[in-house]
1. For the stretch 83-108: of the residues being under 28 Å from Arg4 (Cβ atoms) and touching a residue at least 12 places away in the same chain (Cβ under 8 Å), which is nearest to the chain's Cα centre (by Cα)?
2. Which residue pairs have Cβ atoms closer than 6 Å, lie 6 or more positions apart in sequence or on different chains, and pair a first residue in the stretch 11-34 that is acidic (Asp, Glu) with a second residue that is surrounded by 14 or more Cβ atoms within 10 Å (Cβ to Cβ)?
3. Of all residues in the stretch 1-59, which are surrounded by 11 or more Cβ atoms within 10 Å (Cβ to Cβ), over 26 Å from Ser105 (Cβ atoms) and small (Gly, Ala, Ser)?
4. What single numbered condition from (1) touching a strand residue (DSSP E or B) at 6+ places or on another chain (Cβ under 7 Å); (2) closer than 22 Å to Gln3 by Cβ fails to hold for Asp25?
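No lab work stands behind these numbers, since they all come straight from the coordinates. All of these numbers come straight from a predicted model, not from anything done at the bench. Please note: Cβ atoms are built from the backbone with ideal geometry, for glycine as well, and neighbour counts cover all protein chains shown.
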Amino acid sequence: MSQRHRYLPIPRISAGMILADELLDKLGHVLLPAGTKLTQNMINSMEHHDVHQLSIVVEETEEEILEDLAAKQKKRDRLKIVFRHAPYDEPTATLKVYVEKYRESTTS
C-alpha cells in the first residue's frame, strides 16, 4: 500500500484521519501541522475558521495503484494518437512535452 492525499469535505472527515498538509488560517498562520491525527474536537472547530475541506492522507490498495497506472498509460497512448500526424519539429515536440506533463499532473 502507498499513501496519497485527497481533499475531503468536512462532513466526510472523521476522528483518527491524518492531515496531509498544514492547515493555515486566513492570515497564513499554521492551525495544525501536516501529519496531525485529527480528533472530533478539531473537526468540530473547523467551522469557526471557515474551513470547508481538508487534505487527508489516504491509503491506496494495490488495485487502486494498478488502476491509476492503467489510466496514465491510457493517457500516454491517447497522446500518441493525437500527435501521430504532427510534423516532428521543435515547436511540436515542445507542445507535446507540455501536454504530457499537464496530463500527468492532472492524474494525481
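1. Of everything passing the filter in the stretch 83-108, Ser108 is nearest to the chain's Cα centre (by Cα).
2. As it stands, the answer is Asp21/Ala34; Asp21/Ser55; Glu22/Ala34; Asp25/Leu31, since those pairs meet every condition given.
3. Ser14, Ala15, Ser45, listed by residue number.
4. Condition (2) is where Asp25 drops out.
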